[in-house]
Amino acid sequence: MIRKLAGLFLLTPFLSARADIADLRWMAGCWSQDGRESGSVEQWTAPAGGTILGMSRIVSGGKTVAFEFLRIVEEEDGWIRLVASPSGQETARFKLVSMSTNEVIFENPDHDFPQRIIYRLDSDSNLVGRIEREVNGTERTADFPMTRTKCGSEDESE
């Protein structure tokens with residue numbers, strides 16, 4: 001009985017200190033993907049109504065070669081999740097596991113790749129997206145550095 005109470009006591013701060021989706025407003029805006037062809041962007045709306053909407057597009061040779069529709073949503077169970085629908089593939093859900101003033105981490109250990117999605121604001125004008133997966137004890141990662149850009153311009157890298 002004492003163990004159960006001690007365990008409940010230790011979990012209480014995590015259960016009562018749920019994240020607030022409004023604290024992710026630093027993600028809002030248009031971000032040009034560094035080192036990619038013009039038009040390769042990621043865009044996030046400001047939080048409203050318990051959601052943040054996002055989209056990503058990669059352009060190569062003047063054609064869209066990859067895209068993704070994203071949602072960060074406060075769900076009925078109280079958790080915040082990132083819901084990703086990449087290039088017409090099956091939708092995947094990632095639970096928020098860590099959040100600070102400039103970084104958010106979402107995880108889904110049951111997903112093939114990625115299992116972890118991280119966004120980190122390095123400065124007001126630099127955002128890094130990172131995806132990770134552990135394979136046989138070795139971590140596979142890919143970083144996506146981005147620079148804030150003007151939304152809706154003909155050349156998204158302006």
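Of everything in the stretch 141-158, what is charged (D, E, K, R) and modelled with pLDDT under 95? Give them in sequence order.
The answer is Lys150, Glu154, Asp155, Glu156, Glu158.
Quick one: which of Arg71, Arg25, Arg81 is touching an Asp or Glu at 6+ places or on another chain (Cβ under 8 Å), at pLDDT 95 or above and not hydroxyl-bearing (Ser, Thr, Tyr)?
Arg81
The values are calculated or read from the model by the stated rules, or taken from the named source; none is laboratory data. No experiment lies behind these values; they were computed from the predicted model shown. Ideal geometry is used to build each Cβ from the backbone, glycine not excepted, and the neighbour counts take in all protein chains shown.
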